[in-house]
Structures are given as C-alpha cells and as structure tokens.
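Beneath this line is the structure, given in structure tokens, with notes to follow.
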Amino acid sequence: MDKLRVRVYNVRFGDAILVSVPDRSAGGEPQTRHILIDVGNVLSGEGGDDVVFRPVIENVLEVLDGRPLDLYVMTHEHLDHVQGLLHASHRLGLTLEVRHAWLTGSAAAEYYDTYPDARKRLLDYEDIKRLLQASPERETPWMHTMMLNNNPRSTAKCVEYLRNLADDTAYVYRGCDLDDKHPFREARFHIWAPEEDTSDYYGRFEPMALGVTRGDDPDSEPTLTMPTPPSGVDAGAFYNLVESRRSGYVDNLLAIDRAANNTSVVFCLEWRGWKLLFPGDAEHRSWKTMDKHDQLEPVHFLKASHHGSHTGLPRPDLLDKILPMPPPDDRRRRAVVSTYPDTYKDVPDKDLLDTELTPRCEVQYIEKGTVPDGGHLPDLEFEG
C-alpha cells in the first residue's frame, strides 16, 4: 500500500516541512512527488541558530535523489519562514532545483501597485525603528526579535530569491486558478487563504506622534525630541498625549506582525481520502475570513498555526469545523507544533493546546530536546 509522508524538521523557531506524495507520471508509472513548505527561523536568540539549515537541506536533497523539487510553498513574508533557502544557497552552496513555486500574493513585486490600499494601511516600520534607536531603553528582547523578524529589508532579500527559485512561480490566493501551477496528477489542492487583496488584514493602526529627528549628517543617530504644546493647550495633558501615542508603537508592531501572519497561504492537500491542512501562521482574522467563505472542513492532519500560539489556534467554534468531535470517520487525527521555548512570550500556549487541541487529535511537538537540530520527527504516514 502507498504511503504519503510528512517530514517536519527541527529548525528551532521556524517552519520547514517536506511532504512526499505517491503519484504517477504522464505515462501512468508510479512516481513520488515532493512539496517543501517554508524553511526559516528567527534572527535572534537560541531559536535562530542557522546551523540547522545544512542538515535540513542536505536531507531534502537526499530525498530528492537528483530530481528537482516538484513544488515549493512560501506561506508568508516572515524570516522564520523564508530565510533558510537563501542562506543555504549563498552561505553553504546548497541549492535546490525547483519546478513550481507558490508564494503568497503580497510577495509579488507589483503587488502594492495593483492593490494600493494594502500599502496605505501598512504602518511605516522605519518610524518604529527610529523611535527605538532614539530611546533604546524601550526595546525589550521580545521587541528586538519582533523587529528583526519583520524587517522589510531583510525579508525583501529572501523573497526576491524565492521569486526566482522555480521554473514557474505563482502568487496564490483563495479562488485562484491552480491549473498548470503544479505537476500532481492524483493529489488535489485547495487554497483556503489569503484574500487576493490583503488590506483587510491590516486592521487599525494607532496614530503616533513620535518626535524623532535626525541631525544634518545623514549618518547621525536619531534623537527623541518633545514638541511644544500649541497655544492654549494644557501642557500636562499635551505631554501625556504625546507619550501615549509614542507608546502605541507596541500595538502597531503587533499589528504589522499579525498582518504578515494573516497573509499566510493556507492550503489543504487531499490525497486518497486524506486531508492535510498547512496554514502557515494564519491568525484569528484569517480563520474568521476563511469561515466567512465556507472554507473550513474536517481534516486529518493540522500543522498548528503560528507555532502553537493562542492567536494561531482557531477559536473553539471554528476548530469544531476542522477537527470535530466526534470525528466524522475512523481515520487518525494528528497535529504538529513547531516551536522553540522563550522566543516569544506564551508561544506555544500549551495550556490552550492541551485544552482545545489535544482532545481532538494526537499532538506532537518539535521543540528543544525532541530531535537534534536540523533533524526531524519520525515521518507521519498516511496509507492509501
């Protein structure tokens, strides 16, 4: 009997997943095809050690055995999902040959020209960066990691590399035409998210009056200045307002991070009655939108979104649609959480996962101590 295999690698805090799918050639001969999802980790702390990438890519190349990768999927533009292949190619000399690639729509070079409202609703990352440079005491270790992971300049280099990785690159979204965008003959793919126009994911940003200035020298460090209250305005109230708006950078940084997560490519792979769901880092807004468009349905495998955070796990009423109790058939339900301790506060949220996810399926964690760095969990197998 044929077996579909899911291999989840330990890249510390990040994602790297290889899916091997029994299929057939144009002539009908049996053939195994492979899908690689993401490959990346954060840029700071123990969760971002790049030593993991060599054994991961070497193992992928060993599995491919000289053949090109059939499909690469970049779920979204965060460094813990996108930087691994660029690092492997430029630093290690390990490059994959790829036939097809799917990238989230907002990664297209012309995306913001096509959807200007999405650009308008993005907060300027550089404003927050300048504020933290001018008053570094505001930057906690958690914020430092968030700033690195959302740095558009670093991300842009990785995304540019991934745009040119494959012979054929498609920017996918719910409702897009997947014909000729993959070579699979038996497996079926369903894109659940994101929207083609992602501006709705950005929500509302807080107004900020930062009072950050630079000197005449372009290389000078930014400084924090206090604006003067307008005539007739109470000085105490004015300064309280300025500080309140400066403090809004935390909420805005979180909004930037959530927006990128919610543009994740969420796809369901269906093979011989099995349904496997790979949601990237989709958070509550994306899950709510998927439900609005009647995308949610029972699956047999879930890659836990956003490394097992409380914002990545669907609300219980939506989780009921994905992993209902009791199950609609007698096939095993399984989930995998890829994470690393102390990278982000309360990620993973094990209390929530134990309460909501564990009763519905078998849950495995790939984290510190489960398998060696760059290694992988025992393959999850789906017989068909």
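Coordinate-derived values only; no laboratory data. Given the structure is predicted, the values throughout are model-derived calculations rather than measurements. Backbone-built Cβ (ideal geometry, glycine too); neighbour counts: all protein chains shown.
Structure values in brief
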item	result
Computed Kirkwood radius, in angstrom, where 1/r is averaged over Cα pairs of region 1-42	11.6 Å
Listed residue (Leu276, Val266, Val336) projecting farthest to the positive dipole end of region 243-384, Cβ model	Val266
Mean-position separation - Cα centroids, region 296-351 and region 40-70, in angstrom	24 Å
Square roots of five times the Cα gyration tensor eigenvalues for the chain, Å	39, 23, 20
³J(HN,Hα), Karplus 6.51/-1.76/1.60, whole Hz, each residue of region 159-171, x for Gly, Pro	5, 4, 4, 5, 4, 9, 6, 9, 5, 9, 10, 10, 9
Dipole of region 263-377, positive direction: furthest Cα of Gln364, Thr289, His300, with charges on the beta-carbon	His300
Percent of Cα-Cα distances greater than 20 Å, calculated over region 92-187	55 percent
Residue pairs, from the table Lys303/Lys345; Lys275/Lys350; Lys3/Lys181; Lys3/Lys288; Lys345/Lys368; Lys181/Lys275, whose Cα atoms sit over 22 Å apart	Lys275/Lys350; Lys3/Lys181; Lys3/Lys288
Residue among Asp197, Asp330, Asp177 with the largest mean-square fluctuation in a Gaussian network model of the chain, springs linking Cα atoms under 10 Å	Asp330
Over the chain: helical MRE at 222 nm, DSSP H runs n ≥ 4 each giving -39500 (n - 2.57), nearest 500	-8500 deg cm²/dmol
Residue with peak Gaussian network fluctuation, the chain [Cα springs, cutoff 10 Å], from Ser135, Ser286, Ser20	Ser135
Selection from Ala109, Val82, Leu4 lying farthest towards where the dipole of the chain points positive, charges on Cβ	Leu4
Fraction of beta bridges assigned by DSSP in the chain that are antiparallel (%, nearest 5)	55 percent
Long-range amide H partners of Thr32 with built H, under 5 Å	Asp23
Of Ser338, Ser305, Ser25, the one that fluctuates the most in a GNM where the chain has Cα springs shorter than 10 Å	Ser25
Pair Asp329, Tyr112: separation of 7 Å Cα→Cβ label points (nm)	4.4 nm
Cβ charges +1 (Lys, Arg) and -1 (Asp, Glu), total dipole of the chain, debye	400 debye
Where trypsin sites (Lys or Arg not before Pro) fall in DSSP loop in region 253-286, at most 16 other Cβ within 10 Å	Arg272
